[in-house]
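Any read-out appearing in this document is the output of simple, stated calculations on the displayed coordinates, not a laboratory observation. None of these values were measured; they are calculated from a predicted model. Note that each Cβ is placed from the backbone with ideal geometry, even for glycine, and that neighbours are counted across all protein chains shown.
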There are 2 protein chains.
Amino acid sequence: MSWTISVDDIDDIARGSAVLGTGGGGDPYIGGLLAKQALREHGDVTVISLDELPDDAVVANVSMLGAPTVMVEKLPSLDSVICPVQELSEHYGKPVTHLMCIEVGGVNSTIPIAAAAALGVPLVDGDGMGRAFPELQMVLPTLYGVSASPLAYADEKGNIGVLRTINNLWGERIIRVAAIEMGCSIMLSGFHMTGELTRKALVKDSLSLCANVGRSIVAARAEKVDAVSRVVEVLGGRELFAGKVVDVERATTSGFARGRAAIAEGERTLELLFQNEHLIARVGDEVLATTPDLIMVLDHESGEPVTTEALRYGQRVRVIAAPADERWHSPAAIEMVGPRYFGYDLDPHRFDGTVRPGVPVADADTGS
Amino acid sequence: MSWTISVDDIDDIARGSAVLGTGGGGDPYIGGLLAKQALREHGDVTVISLDELPDDAVVANVSMLGAPTVMVEKLPSLDSVICPVQELSEHYGKPVTHLMCIEVGGVNSTIPIAAAAALGVPLVDGDGMGRAFPELQMVLPTLYGVSASPLAYADEKGNIGVLRTINNLWGERIIRVAAIEMGCSIMLSGFHMTGELTRKALVKDSLSLCANVGRSIVAARAEKVDAVSRVVEVLGGRELFAGKVVDVERATTSGFARGRAAIAEGERTLELLFQNEHLIARVGDEVLATTPDLIMVLDHESGEPVTTEALRYGQRVRVIAAPADERWHSPAAIEMVGPRYFGYDLDPHRFDGTVRPGVPVADADTGS
């Protein structure tokens, strides 16, 4: 079923995608601004379900790559957002007929909306992760053998490149250093796929889910019910911890925002480890959740998503988890995005699927 | 006048270009190996004078970019040498009709020969510097407003990129980090120009000069005359210093071989500062020669060129200087390649043109 995104939908989508962006994916306010501007200038965007996507569609992503720290300081221009898509069409020799989000995130769910509006093409209701991950190759299409190449990229200054790499990990390596040199944030377009392959390789309906999550937060507040519990319910997740941010260490290194945050409640302290996105949540030696499952931080009262960039000392937050797309738990996927890839000597903690909305882990778990 | 390069010419050209490469431009042995292989497989290469170049020729360079340290360890394949030229032709939409050397150097004068043989196109008798310099934008064509873009590049593994930048300095910045990530050495092709512009922007007859210098060294040895003096004579240069290498510091940082060498004779010590190429020659506070003029190190007896990579403790060497192409002394050029660009708080030392073959500076200069 197709639906339409207009200016009024952007806040919900940006909010919901920042939740599912698991701390990364960029600032929802910045991404929202750009999408609204594009929709005002160019009109609404049609979103079509994966089921309706024609087999011969030419689908490609458009996204921002870099450290979210920088994205917050630098609103990209609409021109720079569509530039890599046009470059890709030219290089590939066929126009891109449909755009997709490569991940879910405050910026990377809204930039494709802006690009779709400006280019007058529909957007598909899905994305390549069902969450956000920090590196280029970390997308479900990689598991289906889809190449990110040709990968077109552009910066604000007018520098443009096209890269063809032997695999997506090499794409990540080369594009990352280029992005750092180009100002730590670039726009890119690649992963072109037929409609047929797109239907298999993406996470279905994730743009609808973002809108739904975003709307739920606002609705819960209007209904004076707990917004965080509502999000947990919508995602089939679980609340892990509630407390106050007592420490944040964050550094932009090698083009990523890496760091850790400590959230305290009474004598217990939850440690969050992140690289753009939250990767591990643990209390002492007890691991509560790990990548590839979703670890999300929400404002205690309002339920608004808190990105890793926005974490500040003194914030009252609640940490929730939800299961990743099942395909992320395959052995090949765990090798790509499991805790060990990120340097943590941990097995992935498989989210148990139990829906326990609103129950803090301190009450729900015994022995702690 | 056109002439032909065959296998038997390669040693002379490689030797001569390593002299004019002022310490950089790669190892002549490695470059020579590749050129000989290509000539054996594909036949001789025609070299045409700039005067004969048709106005509508499509000329482009092919060269290796990276740290010479790595070039010495990794002989590129012929496929990887022609790959960026083919990529450029495709991206530009017109086949490259003539190849040029972007600089003079042991590798970067011989790789274009290999590529010209393999692609069956002529080579022009000239280059973009009349010497070697370490960075992409440091070519006379930049002074003529020639863009390095589109710039095609490739590594041994099969990763290929095309870059279009707003100026050649941005080309250097982005291509350098990509090159480092891709193994510290890549092949590239760009700077495409019409024949008309090529005639203006290149240093004329430099490939002939390389062959001439190389032949002179061998001939001098056969005639039992001093080979170094012969080179000085051919280049209209001057011998600066003769002595023993007593210290070499060298590090591959940011993709360059940077360092210094000390050469001692009696109580005087010449200090050579380099970044891939020799940039400054000084004895204490007395500056004998600086970039953009040519500073070259030759083996004391044989007159063979010694690259910055090949400098070793205990070698007996002679340091000579020769004037750079006049255009390198324009204010815009000095800003690009003068001592201050490389971080030395020195005015460029203009080579005085005096030909004093075989006279060490210790004897020729007073007050030291």
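Quick notes
- Amide hydrogen neighbours beyond the local backbone of B:Leu294, cut-off 5 Å, H modeled: B:Ala322, B:Ala324
- Whether the range A:233-364 is rounded, prolate or oblate, judged on the alpha carbon gyration tensor where a/c under 1.5 counts as rounded: oblate
- Note that the range B:52-62 has calculated 3J(HN,Hα) couplings of 8, 5, x, 3, 9, 4, 9, 10, 9, 8, 9 Hz, one per residue in order, obtained from phi through the Karplus relation 6.51 cos²θ - 1.76 cosθ + 1.60 (θ = phi - 60°); glycine and proline are x.
- FRET efficiency for A:Thr46 and A:Glu335, using Cβ-Cβ distance with R0 set to 30 Å, rounded to 0.05: 0.20
- Structure-based [θ]222 nm, chain A - -39500 (n - 2.57) summed over DSSP H runs of at least 4, per residue, nearest 500: -9500 deg cm²/dmol
- Per-residue Karplus couplings for the range A:226-243, computed as 6.51 cos²θ - 1.76 cosθ + 1.60 with θ equal to phi - 60°, are listed in order as 5, 5, 5, 4, 5, 5, 4, 5, 4, 8, x, x, 7, 7, 9, 6, 9, x Hz, Gly and Pro entered as x.
- Per DSSP, loop chymotrypsin sites (Phe, Trp or Tyr not before Pro) in the range B:284-348 with at most 15 further Cβ within 10 Å: B:Tyr313
- Shielding by other protein chains, B:144-155, mean Cβ within 10 Å: 1
- Extension gain (nm, one decimal) between A:Ala219 and A:Ala262, 0.36 nm per residue minus Cα-Cα: 12.5 nm
- Neighbouring Cβ atoms from other chains, within 10 Å of the Cβ of residues in B:173-182, number 5 on average.
- Once the convex hull of all Cα atoms in the range B:3-206 is built, its volume per residue stands at 95 Å³.
- B:Lys244 sits among other residues whose Cβ lies under 15 Å from its own Cβ, and their net charge, with Lys and Arg +1 and Asp and Glu -1, is -2.
- Modelled label reach - B:Leu169, point 7 Å along Cα→Cβ, the range B:99-140 residues with backbone N closer than 19 Å: B:133-140
- For the range B:329-336, Karplus couplings with θ = phi - 60° (6.51, -1.76, 1.60), whole Hz, Gly/Pro x: 9, 5, x, 5, 6, 5, 4, 7
- Averaging the sequence gap over all C-alpha pairs within less than 8 Å and six or more residues apart, then dividing by the number of residues, gives the range B:203-328 a relative contact order of 26 percent.
- Principal-axis analysis of the Cα atoms of chain A puts helix A:168-181 at an angle of about 90° to the longest axis.
- Relative contact order %, chain A, counting alpha carbon pairs below 8 Å whose residues are six or more apart: 20
- Separation between Cα centres of the range A:1-73 and the range B:237-277, rounded to whole Å: 57
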